[in-house]
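Please read the structure below before turning to the comments.
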Amino acid sequence: MEVLIAVGAILVTGLAVWLRTHLRGGGKLPAGVLFALRIFLGIVLLILGVIGSLLPVLQGWIFFLLAILVLFPKSRFAVKACDKIEPKMPRLIGWLRRHGIGAHREPEQ
């Protein structure tokens, strides 16, 4: 278990260094890297949700909700959830929508 934690820490540190060198001057990440990060984060949140549903100490439903929002950012559920939460937390929802989560879809023609 300690080996997995050490490898994960090395990977996160390497990713942070890579991002810092490539984003100097206000650059943006390529779309492929953002997609890979979103999928990775969604899978991690799903795993935490499963662990949380098995352990009585950790609330699993919160991680399942976050995983759904991250993996399916423009789904009807994400838009409805963000619309419902927006009156209570406008800054958080604004931040999520700037990052493409819960944003209203363009009408298809």
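The values are calculated or read from the model by the stated rules, or taken from the named source; none is laboratory data. The shown structure was predicted, so the numbers you read here are calculated from the model rather than taken from an experiment. Note: ideal-geometry Cβ built from the backbone for every residue, glycine included; neighbour counts use all protein chains shown. The area values use the complete protein model at the heavy-atom level, side chains included, leaving out ligands, DNA and RNA. Shrake-Rupley method; radii C 1.70, N 1.55, O 1.52, S 1.80 Å.
Descriptive notes on the structure:
- With all protein chains kept in place, the per residue accessible area of the range 1-75 amounts to 76 square angstrom at a probe of 1.4 angstrom.
- Inter-label distance for V44 and L71, nm, one decimal - labels placed 7 Å from Cα along Cα-to-Cβ: 1.6
- DSSP H segments from the chain that extend 18 Å or more along their own axis, Cα-based, with Kyte-Doolittle mean of 1.0 or above: 2-22, 31-54
- In the calculated pair-distance distribution of the chain, the portion above 17 angstrom amounts to 67 percent of the Cα-Cα pairs.
- Structure-based [θ]222 nm, the chain - -39500 (n - 2.57) summed over DSSP H runs of at least 4, per residue, nearest 500: -23000 deg cm²/dmol
- Net length available on complete extension from L58 to L15 is 12.7 nm, with 0.36 nm assigned per residue and the Cα-Cα distance removed.
- Fluctuation leader among V17, V33, V44 - the chain, Gaussian network, Cα springs under 10 angstrom: V17
- Accessible carbon and sulfur surface of the range 1-59 relative to its total accessible area, %, 1.4 Å: 78
- Between R97 and I85, the simple spin-label model (points 7 angstrom out along Cα→Cβ) gives 1.4 nm.
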